1. Does Arg101 count as assigned to a loop (DSSP other than H, G, I, E, B) and either under 24 Å from Lys125 (Cα atoms) or assigned by TED's automatic domain parsing to the domain that holds Lys125 (or both)?
2. Output the qualifying pairs, or none if there are none: Cβ atoms under 8 angstrom, residues six or more apart or on different chains, first residue in the range 77-91 and closer than 14 Å to Gly64 by Cβ, second residue aromatic (Phe, Trp, Tyr).
3. For Arg53, only one of the following conditions fails: (1) exposed (fewer than 11 other Cβ atoms within 10 Å of the Cβ); (2) within 27 Å of Arg123 (Cβ to Cβ); (3) within 17 Å of the chain's Cα centre (by Cα). What is its number?
4. Among what's in the range 104-138 and is outside any helix (DSSP H, G or I) and aromatic (Phe, Trp, Tyr), pick the residue that is modelled with the highest pLDDT.
5. With respect to Leu45, determine if the residue is surrounded by 12 or more Cβ atoms within 10 Å (Cβ to Cβ) and of a type in the set (A, V, I, L, M, F, W, C).
Amino acid sequence: MGGKVKYHQLSEFERKKYLGEFYDMIALLRSREEAKNFFKDLLSLSEVVMLSRRVQIAKMLLEGLGYDDIAKNLRVGKTTINQVEKWLNAGFGGYKEVIQRHKKKNAKFGKPPAAPFSLGHIRRKYPLHFLLLNLLEKKR
């Protein structure tokens, strides 16, 4: 008998077992590459995008941006922003902790991370290909 099983339909034992193993497996991921491959195998592209946009919403809220700016920049509804804000303020602190850790890690390198596949990202990934441009930019 297939079909979707909802959280509340699982026994307490099943919930603890499934969620516990899931969190344990995530905790075993040792690198960005492992995390990327794990989630690419686990989730559809639209699910990954949905989750990553929630993280972006949380980052923007923590930076003090308003609902209108976030909705415009990310093309998300205000209901989604409101839900993320609830998790951010009344959740377990996971959003704040990881976002702050990520921000601190990137601060060590002096520049915020460039968006993947943006010119800035490619210039940092392949500095010799952009040697002349990088040298000219430093002289400014």
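1. Working: assigned to a loop (DSSP other than H, G, I, E, B): no; either under 24 Å from Lys125 (Cα atoms) or assigned by TED's automatic domain parsing to the domain that holds Lys125 (or both): yes.
Considered against the rule, which asks whether it is assigned to a loop (DSSP other than H, G, I, E, B) and either under 24 Å from Lys125 (Cα atoms) or assigned by TED's automatic domain parsing to the domain that holds Lys125 (or both), Arg101 comes out as no.
2. Ile81/Tyr67; Leu88/Tyr95
3. Every condition holds for Arg53 apart from (1).
4. From the range 104-138, those outside any helix (DSSP H, G or I) are 108-118, 126; that's our starting set.
Cutting the leftovers down to aromatic (Phe, Trp, Tyr) gives us 109, 117, 126.
Details: Phe109: 66, Phe117: 63, Tyr126: 76.
Among them, the one singled out is Tyr126.
5. Details: surrounded by 12 or more Cβ atoms within 10 Å (Cβ to Cβ): no; of a type in the set (A, V, I, L, M, F, W, C): yes.
Considered against the rule, which asks whether it is surrounded by 12 or more Cβ atoms within 10 Å (Cβ to Cβ) and of a type in the set (A, V, I, L, M, F, W, C), Leu45 comes out as no.
The values are calculated or read from the model by the stated rules, or taken from the named source; none is laboratory data. Here the structure is a predicted model, which is why all the values come from computation and not from measurement. Cβ sites come from the backbone with ideal geometry, for glycine too, and all protein chains shown count toward neighbours.
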